Amino acid sequence: MYAEAGWAGFTFDAIAARSGVGKAAIYRRWDSKLGILQAAMRAASVGFVEVPDTGELRSDLVCVARTLVERLDQPVGMAELRLLLDAKLFPEEFADLDHARAASRVKARETVDRAVARGELPAGTRPEFVFDLVRGAVVHNFLMVPTGMADAWRARRAQFTEEIVDAALAGLRAQGTAIATS
């Protein structure tokens, strides 16, 4: 329901109507709609896509991109997108999300540090930039695919994720020190 309605439409009335129970039953268990959302997100194992350590940056990024593509194509993925948007619109309600974002940034830093140590990227490469190139392209493409082309998109999503990662890495390598932290 949150994926469909967002924070503004995620109300106790709407939750009660969708679940077929009275509001009193919901209030007995949760005192806020944020509590309900947090419980639902935990139950659905929602969190930022984990970054594996495959021993090669390209493989790490392809895994991230594939996991993200698969997740976006499910209600939980749409809920994650809404969560990120709502965290910008309602920062006071979603302050706890900053911890998850910080943890995601640590994982990105670790991944890029390993890639730099292996000589796959130049020293000083900004981890956020590497992951923004991949995640941003995946999310943008997912959102921009017309509904009538969704099946064709699904059929080539494995190829698409490799193309995105290869393009990002080629750009990063071509830019060399331009991507490094000043």
I'm trying to understand the selection: among the residues of region 77-97, which are part of a helix (DSSP H, G or I) and open to solvent by 50 Å² or more (accessible area, probe 1.4 Å)?
MET78, ARG82, LEU84, LEU85, LYS88, LEU89
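If we scan region 119-131, do we find a residue that is touching a helix residue (DSSP H, G or I) at 6+ places or on another chain (Cβ under 9 Å), aromatic (Phe, Trp, Tyr), surrounded by 14 or more Cβ atoms within 10 Å (Cβ to Cβ) and over 30 Å from SER32 (Cβ atoms)? It would help to see each step written out before you state the result.
Going residue by residue through region 119-131, those that are touching a helix residue (DSSP H, G or I) at 6+ places or on another chain (Cβ under 9 Å) are 120-131.
Filter again for aromatic (Phe, Trp, Tyr), leaving 129, 131.
Next, from what is left, pick out any that are surrounded by 14 or more Cβ atoms within 10 Å (Cβ to Cβ): 129, 131.
Now drop any that are not over 30 Å from SER32 (Cβ atoms), which leaves 129, 131.
Checked region 119-131: at least one residue is touching a helix residue (DSSP H, G or I) at 6+ places or on another chain (Cβ under 9 Å), aromatic (Phe, Trp, Tyr), surrounded by 14 or more Cβ atoms within 10 Å (Cβ to Cβ) and over 30 Å from SER32 (Cβ atoms).
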Check region 141-163 and report whether any residue there is touching a helix residue (DSSP H, G or I) at 6+ places or on another chain (Cβ under 6 Å) and not in a helix (DSSP H, G or I).
yes
Among the residues of region 13-35, which ones are over 18 Å from LEU85 (Cα atoms) and either touching a Cys at 6+ places or on another chain (Cβ under 8 Å) or surrounded by 15 or more Cβ atoms within 10 Å (Cβ to Cβ) (or both)?
ALA14, ILE15, ALA16, ILE26, TRP30
Residues of region 3-30 that turn out to be on the phi < 0 side of the Ramachandran plot and either in contact with a strand residue (DSSP E or B) (Cβ under 8 Å, 6 or more places away or on another chain) or small (Gly, Ala, Ser) (or both), as a count
11
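Residues are listed down the side, and each one gets a yes or a no for (1) open to solvent by 70 Å² or more (accessible area, probe 1.4 Å); (2) closer than 16 Å to THR54 by Cβ:
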{"position": "VAL134", "(1), (2)": "no, yes"}
{"position": "THR147", "(1), (2)": "yes, no"}
{"position": "ALA152", "(1), (2)": "no, no"}
{"position": "ILE164", "(1), (2)": "no, no"}
Between residues in region 67-91 that are within 17 Å of VAL134 (Cα to Cα) and residues that are crowded, with 20+ Cβ neighbours inside 10 Å and hydroxyl-bearing (Ser, Thr, Tyr), which pairs lie under 7 Å by C-beta distance while being six or more apart or on different chains?
VAL69/THR161
Quick check, is VAL112 open to solvent by less than 60 Å² (accessible area, probe 1.4 Å), under 12 Å from LEU57 (Cα atoms) and part of a helix (DSSP H, G or I)?
yes
Checking the structure you have, find out if any residue of region 21-40 is polar (S, T, N, Q) and more than 26 Å from the chain's Cα centre (by Cα).
no
Here's a check for you: in region 166-176, which residue that is in contact (Cβ under 8 Å) with a residue 40 or more places away in the chain and closer than 12 Å to VAL134 by Cβ is most open to solvent (accessible area, probe 1.4 Å)?
ASP166
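Take ARG66 and decide whether it is surrounded by 15 or more Cβ atoms within 10 Å (Cβ to Cβ), among the charged types (D, E, K, R) and modelled with pLDDT of 95 or more.
Numbers: surrounded by 15 or more Cβ atoms within 10 Å (Cβ to Cβ): yes; among the charged types (D, E, K, R): yes; modelled with pLDDT of 95 or more: no.
Criteria not met by ARG66.
The values are calculated or read from the model by the stated rules, or taken from the named source; none is laboratory data. None of the values given here were measured: they were computed from a predicted structure. A quick note on method: Cβ atoms are made from the backbone with ideal geometry, for glycine too, and the neighbour counts reach across all protein chains shown. Protein only, heavy atoms only, side chains kept; ligands, DNA and RNA dropped before computing areas. Shrake-Rupley method; radii C 1.70, N 1.55, O 1.52, S 1.80 Å.
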